[in-house]
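Take a look at the structure set out below.
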Amino acid sequence: MRWRGFASLSRAILRGFLRDRAAVFFAIVFPLMFLVLFGGILGNQGASEVELVEVGQVRLFDELPAGAREAFEDTFEVTRTDDRAEAIELVRSGEADVAVEMDGSRLVATYTGTDQVASAMTRGTLQAFVDGANLAASGRPPAFDLEMQRVEDDSLEAIQFITPGLLGWAVAMSASFGAAATLQGWRQSKLLRRLQLAPVSTRTVVGARVAVTVAVALAQMAIFVGLGAAAFGLQLAGAWPMAVPLLVVGTLCFMSLGLLAGAVARTTEGAVNMANFLVLPMAFLSGSFFPLDGTPGWLQAISRVLPLWHLNQGMLDVMVRGQSAAAALAPMAVLAGFALVMTLAAARLFRWESA
Amino acid sequence: MTGPAIEVTDLVKVYGELRAVDGVSLTVEEGEFFGILGPNGAGKTTALEMMEGLRRPDDGTVRVLGLPPWPRNADLLPRIGVQLQASSFFERLTAREQIHTFADLYGVPGAQADGWLERVGMADKAGDRVEDLSGGQAQRLSIACALVHEPEVVFLDEPTAALDPQARRNLWDLLSGLNDSGRTVVLTTHYMDEAEVLCDRVAIVDHGRLLRLDTPAALVRGLDAPTRITVGPGLLDPVRAGALPAVDDVAVRVDGTVLTTRSPAAVLARLAEAEQLDGVRVQTGTLEDVFLDLTGREYRA
């Protein structure tokens, strides 16, 4: 009977969640919109090409060796014209980034400074081509060689950073809202009291609520990772399965935050607003939306006392930074500690009935 | 086990300055339909919640089926059914899902849940979400959920509050059959007529105190209340009516002229002689008169 009661309560809670359009929207659709938005915008940034207008014949470009030729074509999108004035005008109007012509052995590039990234890239790349051509013309082997290596996986793109952070935010939101709204709603309708008089233990009721929230969190993870991998080229590091227990502990932590809000607030709306008030700024300060590397030190110090920061860091470590599974243990301990403290506080403030 | 279904002795609950329940003692027999009647704030719900085991009495004792309900008594819970004042439902479930969830919690077969849905007349609303039910339908479902495990004692806290008169009367038909199979029913209400119609015995409470406890008929009989005879409007000249022997008082109302008397037979005979009996209504005391007599003030729910 205990198992039947647990299963039945879980089913009732899950149905209540799935039929609550607003809850489903904020738990899944809303964060996914951010994933698509960020994935779409930031994912394409590196791929944008510099528009180059070639005036007349540019000998340097024609004589590029095969390897350099490939790099050249990756960087520049080339159009040709014989009219110098027209080419300059295209650059001035912003339709092209740079116009290039040969003046004897001199390469003359006319560029616009409006897009600083593009202009810096253009200058650097053209300089490299000129240097390379000079070196080739001298017939001597190069004295130095450069090899670039990135610490992260080769394919590291924005999506790698965005997915774990947004997933952390989504889980924090749905776990805390769900717990806060359930506690408040059940208290107001006296369902808490009704269940108290049914032969079902508090443990079973709490267990069912936790089971549903954890199941929703894992579904969020499956959807996020699935979409990130399928549509935006997300690649998971080897220790990613460790993100599952990490996410479970994170879910418990944010459920306890929701319980605390639900215990303090007087209405369901108040409880959800309070949870929102806590979670949304926390998401910003925990690097869910953008990395905190460029922020002042005091801000980063604050972020380290927020549970979501620990969840996000742990998820980044095991999902994309390629760290070992053990990297998730410290964040898990921190999150469990937060969960314990907040649950105890919620239990102290708990009231059976709305005042 | 034989013995009373519920035994309450010197029950007290205090909230700050307020003695919400102030020394109430009563006994409810097995199979009885028992009413706790009083105006809002009289302490009905607080008393009921102590019997259910939701609140700890500050003083006195409660025994339900011979067992103490407080603290939460797992042996007692499957044997009692409760309907609380609010509609305590799981959000966004259908009526059928709702009662099946409760059936699962009590470990009874789903067919029994469907049976109760049928019995309270909600079978055709089984697929409706609880949020879409009318007040009367929600109360029916709530009662069915309280009874799904066939409890020996069922507590109903103001099941007809906030219903329109028609819906109330419809619900009475359902409620009146609940103790047929020997089940004990305890109901709180602030409607005098409801207690009169449904209850075997009624406890009248006010300011946390038990004022009187008896069958509705005995309560009214003991009142020695005058009879009110209402004659259709315009049929009777109030001044002449007041001059009739045995008429103690005359009042003109929209629905007719009301004569108060302690000898209704004599007054009716005079009216018959004058052929003024058309649409006449005769009313002896009601529980409202009992309340007035006990407290010295008009009953206001």
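With each label modelled as a point 7 angstrom along the Cα→C-beta vector, the A:S105-A:F350 pair spans 8.6 nm. The accessible area of B:D10, taken with all protein chains in place and a 1.4 Å probe, comes to roughly 90 Å².
Measuring nothing but protein heavy atoms, the accessible surface of chain B at 1.4 Å probe radius is 47 percent carbon and sulfur.
Exposed loop sites here are trypsin sites (Lys or Arg not before Pro) in DSSP loop states with at most 15 other C-beta atoms within 10 Å. What is the longest stretch of chain B lacking them?
The segment B:73-261 is the longest one with no such site.
Of the GluC sites (Glu not before Pro) found in the range B:202-301, the ones in coil according to DSSP and having at most 16 other Cβ atoms within 10 Å of their Cβ are B:E275, B:E298.
Against the longest alpha carbon principal axis of chain B, how many degrees, from 0 to 90 and to the nearest 10, is the axis of helix B:95-106 turned? Helix B:95-106 and the main axis of chain B meet at about 60 degrees. Of all beta bridges that DSSP places with both ends in chain A, some 40 percent have antiparallel geometry.
Shown for the range A:48-138: the carbon plus sulfur share of the solvent-accessible area, taken with all protein chains present and a 1.4 angstrom probe, equals 48%. Per-residue SASA remark: A:V210, around 40 Å² accessible (1.4 Å probe; ligands, DNA and RNA not included). Only helical runs count toward this figure. For chain B, summing -39,500 (n - 2.57) over DSSP H runs of n ≥ 4 and dividing by all residues gives -9000 deg cm²/dmol at 222 nm.
Across A:S201, B:S142, B:S181, the residue with the most accessible area heads the list, and the full order at a 1.4 Å probe is B:S181, A:S201, B:S142. A simple spin-label model places the labels of B:D124 and A:L218 4.4 nm from each other, with each point 7 Å out along Cα-to-Cβ. Extents of the protein assembly as shown, largest first, come to 140, 59, 48 Å (Cα atoms, principal axes, whole angstrom). Here's the list of lysines a cross-link from B:K44 could span, going by alpha-carbon distance under 20 Å and ignoring same-chain residues fewer than 8 apart: A:K190, B:K13. Computed from the C-beta positions of A:T267 and B:D255, the FRET efficiency with R₀ = 30 Å rounds to 0.10. Straightening the chain between A:A325 and A:L280 buys 13.4 nm, computed as 0.36 nm per residue apart minus the Cα-Cα spacing. With the simple spin-label model, which puts each label point 7 Å out from Cα in the Cβ direction, the B:D10 to B:R270 separation comes to 5.5 nm.
A 1.4 Å probe run over the range B:227-284, with the rest of the protein chains in place, finds 60 Å² accessible per residue.
Buried area at the B:A interface is about 2800 square angstrom, summed over both chains, from accessible surfaces computed with a 1.4 angstrom probe. Report the Cα centroid-to-centroid distance between the range B:228-269 and the range A:263-307 in angstrom, as an integer. The two parts, judged by their Cα centres, are 77 Å apart. Farthest towards the positive end of the charge dipole of the protein assembly as shown, among the residues A:G165, B:V28, B:A95, is the Cα of B:V28, using unit charges on the Cβ of Lys, Arg, Asp and Glu. Under the membrane-span-like helix rule (DSSP H runs whose alpha carbons stretch at least 15 Å along the helix axis, mean Kyte-Doolittle hydropathy -0.5 or higher), chain A yields A:2-18, A:30-45, A:116-138, A:158-188, A:202-232, A:243-264, A:268-285, A:307-319, A:329-349. Within the full protein context, the accessible area of A:L340 is estimated at about 110 Å² for a probe radius of 1.4 Å. In the context of the full set of protein chains, chain A has a per residue accessible area of 52 Å² (1.4 Å probe).
Here is the list for the range B:1-79: GluC sites (Glu not before Pro) lying in DSSP coil, each with at most 10 other C-beta atoms within 10 angstrom of its C-beta, are B:E17. With R₀ fixed at 56 Å, the C-beta to C-beta distance from A:S93 to B:A74 puts the FRET efficiency at about 0.10.
The values are calculated or read from the model by the stated rules, or taken from the named source; none is laboratory data. Keep in mind that what you see is a predicted model, and the values were worked out from it rather than measured. Note that each Cβ is placed from the backbone with ideal geometry, even for glycine, and that neighbours are counted across all protein chains shown. For accessibility, only protein heavy atoms count, side chains too; no ligands or nucleic acids. Shrake-Rupley method; radii C 1.70, N 1.55, O 1.52, S 1.80 Å.
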